[in-house]
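Visitor: Quick one: the structure is below, and I'll ask about it shortly.
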Amino acid sequence: MDAAILGFNLRRLKRRGRSKFACIYILAIIGCAVGLWVIFRLPNVDGMLISVFSIDIIMAAEYIARAGSVAPHGRIPIAVTKLLGDLFAWLCYARYSVFVAAVGFVVLLLNLFYLSYSLEYVSQRMGERREKRR
C-alpha cells in the first residue's frame, strides 16, 4: 500500500510539472528509510515507539496541511477516530520514553486543532445551507 501511495504522489508531482519537488520527495523518503534503519539498529533504543510516534506527528501535520481536501462529510468522523486512536496510544506508551511523551502531547494538540477546524467548517456549511433555504 505504501508503494501505491508513493507512486501516486510521484505521478501527481510530475504531472503538475514539479520535477524538482519529486526529486526532493524521493530524497526525503530515502532519508527517512535510512533514519529508521539506524534507529532500529541502536541498542537500548525502542525504535518501534520512536518510528510510530514520528509517523503520528507527520500524519497529524499532514491532516492539518491538507484539511481542505478531506471530504466534508467525513471530516468529523476522521478527526474523532484519529484523535482517540492517537490519544490511547499516547496514554499507553507515554511512560516508556520522554520522546514519546513529548511527541504524543504535540500530536494531541494537532489532533484537537484538526477536530476544532473540522467542527468549525461543518458549522459554517450548515449555516450557509440554512441561509440558502430562506
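The values are calculated or read from the model by the stated rules, or taken from the named source; none is laboratory data. Since the structure is predicted, the reported quantities are computational estimates derived from the model, not experimental observations. Glycine gets a Cβ as well: all are built from the backbone with ideal geometry, and neighbour counts include every protein chain shown. Accessible surface areas use protein heavy atoms only, side chains included; no ligands, DNA or RNA. Shrake-Rupley method; radii C 1.70, N 1.55, O 1.52, S 1.80 Å.
Visitor: Name the residue, out of 80, 122, that is within 14 Å of the chain's Cα centre (by Cα), in a helix (DSSP H, G or I) and β-branched (Val, Ile, Thr). Step through it out loud before you land on a result.
Guide: Values: 122 fails: within 14 Å of the chain's Cα centre (by Cα).
One residue alone meets the criteria, 80.
Visitor: I want to confirm something. Restricting to region 71-105 and keeping residues that are hydroxyl-bearing (Ser, Thr, Tyr) and open to solvent by 60 Å² or more (accessible area, probe 1.4 Å), which single residue is nearest to residue 122 (Cα to Cα)?
Guide: Going through region 71-105, the residues hydroxyl-bearing (Ser, Thr, Tyr) turn out to be 81, 93, 96-97.
Still in the list and also open to solvent by 60 Å² or more (accessible area, probe 1.4 Å): 81, 93, 96.
Values: 81: 17, 93: 33, 96: 38 Å.
Across region 71-105, the extreme among qualifying residues is 81.
Visitor: What is the one condition in (1) within 25 Å of residue 114 (Cα to Cα); (2) modelled with pLDDT under 80; (3) surrounded by 11 or more Cβ atoms within 10 Å (Cβ to Cβ) that residue 68 does not satisfy?
Guide: Single failed check for residue 68: (3).
Visitor: Collect the residues in region 17-62 that are modelled with pLDDT under 80, open to solvent by 50 Å² or more (accessible area, probe 1.4 Å) and either within 25 Å of residue 75 (Cβ to Cβ) or small (Gly, Ala, Ser) (or both), keeping them in residue-number order.
Guide: 17, 19 - these are the residues of region 17-62 that are modelled with pLDDT under 80, open to solvent by 50 Å² or more (accessible area, probe 1.4 Å) and either within 25 Å of residue 75 (Cβ to Cβ) or small (Gly, Ala, Ser) (or both).
Visitor: Taking the stated definitions as given, is residue 115 in a helix (DSSP H, G or I), farther than 15 Å from residue 52 by Cα and in contact with a helix residue (DSSP H, G or I) (Cβ under 6 Å, 6 or more places away or on another chain)? Lay out the reasoning, then the answer.
Guide: Numbers: in a helix (DSSP H, G or I): yes; farther than 15 Å from residue 52 by Cα: yes; in contact with a helix residue (DSSP H, G or I) (Cβ under 6 Å, 6 or more places away or on another chain): yes.
Yes, satisfied.
Visitor: If you don't mind, there's one more thing I want to ask. Inspect region 5-24 for any residue being within 19 Å of residue 103 (Cβ to Cβ) and within 16 Å of the chain's Cα centre (by Cα) and give the result as yes or no.
Guide: No, the conditions are met nowhere in region 5-24.
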